[in-house]
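Working notes, beginning with the structure itself.
The values are calculated or read from the model by the stated rules, or taken from the named source; none is laboratory data. This is a predicted model, so every value here is computed, not measured. No Cβ is skipped: glycine too gets one built from the backbone with ideal geometry, and neighbour counts run over all protein chains shown. Note: accessible area is taken over every heavy atom of the protein model, side chains too, but ligands, DNA and RNA are not part of it. Shrake-Rupley method; radii C 1.70, N 1.55, O 1.52, S 1.80 Å.
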Protein chains: 2
Amino acid sequence: MAAKGNKNDVSLQAEGRDYETELQSAGVRITRPRQVILTILKEMNDHPDAMEIFKRAVRVDESISLATVYRTMKLLEQLGAVHRHSFEGGPARFENADGDHHDHLIDLDTGKVIEFHSESIERLQQQIADELGYDIEHHRLELYGRKRKKKN
Amino acid sequence: MAAKGNKNDVSLQAEGRDYETELQSAGVRITRPRQVILTILKEMNDHPDAMEIFKRAVRVDESISLATVYRTMKLLEQLGAVHRHSFEGGPARFENADGDHHDHLIDLDTGKVIEFHSESIERLQQQIADELGYDIEHHRLELYGRKRKKKN
DNA sequence: AGGCCAGTTGCAAACGATTTGCATTTGCAA
DNA sequence: TTGCAAATGCAAATCGTTTGCAACTGGCCT
């Protein structure tokens, strides 16, 4: 087999930050399943769950197993490449961790996730933790709602 | 058996609001397992999970089953008597719904839950949802942290 | 006081999401 | 190229929770 481009070349044309190299230097082996999942990660700008990621992966490589998706997502989470969210009433969903911090508004009708950020809220949270004598490790702010019916 | 006090009287001395009557009028049967769980509910000022509630219940009545605890908690939740919280990495935990709205700070070392409320944050959330064109159904704000090491 | 019967129960099995043991592959450093 | 630890696929296990079902029981109705 050719040195770099292996037989089923996984169209790695995406521009983004190079996770493969990052992982490489973190001492993680770049296996075929991980290549596939990383490619999906790079193209991912939504919040899919493990099963959805698995389905996308299978489209590229039949032989990938759901267990490996779970294992890889856990690995990527530990490495800080993805964030895991456990929204109400459903499996955990993942998102690319490259952007900056934000919270989520979940559309109860569609499941769609809208990201937002409020520096004021962040500040208030910090202040509250201070008053209670705590250091915040992380937090979770989720708004669950529905699109406002037209009105006025 | 005497009219009101049945044979194994479940020490219903607590002061609080009378859920039994509330449930009664909601057309729900007051069975023995429900009596026991309601008593526990009244004394409950922490955030126990189903298993913990089950254990407390068994102390009063050997024969109660975990399934009934789950069923009853679901019922009470629907009736608005308790709130269910799914904090990170653990089973759902319940709390008495009588107090006023608050959010939670979870102590990562002990699992202890501290309640807090910030009208400013509530307002900001509302404002954000407005801007995004959504009506908030409910929200979830959880701070995860550890007690601040003395310092200064 | 007794009966009736839908509402409830306990039990065990089913569930959905996620993890894990194990025997088999596979990166990749030497 | 070989060697071996790391990673995989598979199936079985786990955890929290729900559910089917047959047995039981509140509590309204005589």
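Of all residues in the range A:75-86, those satisfying the criterion of being under 21 Å from A:GLN125 (Cα atoms) and either more than 10 Å from DNA strand C (Cβ to nearest atom) or among the small types (Gly, Ala, Ser) (or both) are A:HIS83, A:SER86.
Restricting the first member to the range A:19-46 and to residues that are polar (S, T, N, Q), and the second to residues that are open to solvent by less than 30 Å² (accessible area, probe 1.4 Å), the beta-carbon pairs closer than 6 Å and six or more apart or on different chains are A:GLN35/A:VAL10; A:THR39/A:VAL10.
Checked against (1) under 30 Å from A:GLU137 (Cα atoms); (2) away from DNA strand D (no atom under 14 Å from the Cβ); (3) within 11 Å of chain A (Cβ to nearest Cβ), B:SER86 passes all but a single condition, namely (2).
Enumerate the helices (runs of 4 or more DSSP H) found wholly within the range A:47-152, keeping only those where 1 or more residues are touching a Gly at 6+ places or on another chain (Cβ under 8 Å) and open to solvent by less than 80 Å² (accessible area, probe 1.4 Å). Talk me through it step by step, then tell me what you get.
Details: elements: A:50-60, A:66-78, A:119-132.
Because the criterion is at least 1 residues that are touching a Gly at 6+ places or on another chain (Cβ under 8 Å) and open to solvent by less than 80 Å² (accessible area, probe 1.4 Å), the helices (runs of 4 or more DSSP H) in the range A:47-152 that meet it are A:119-132.
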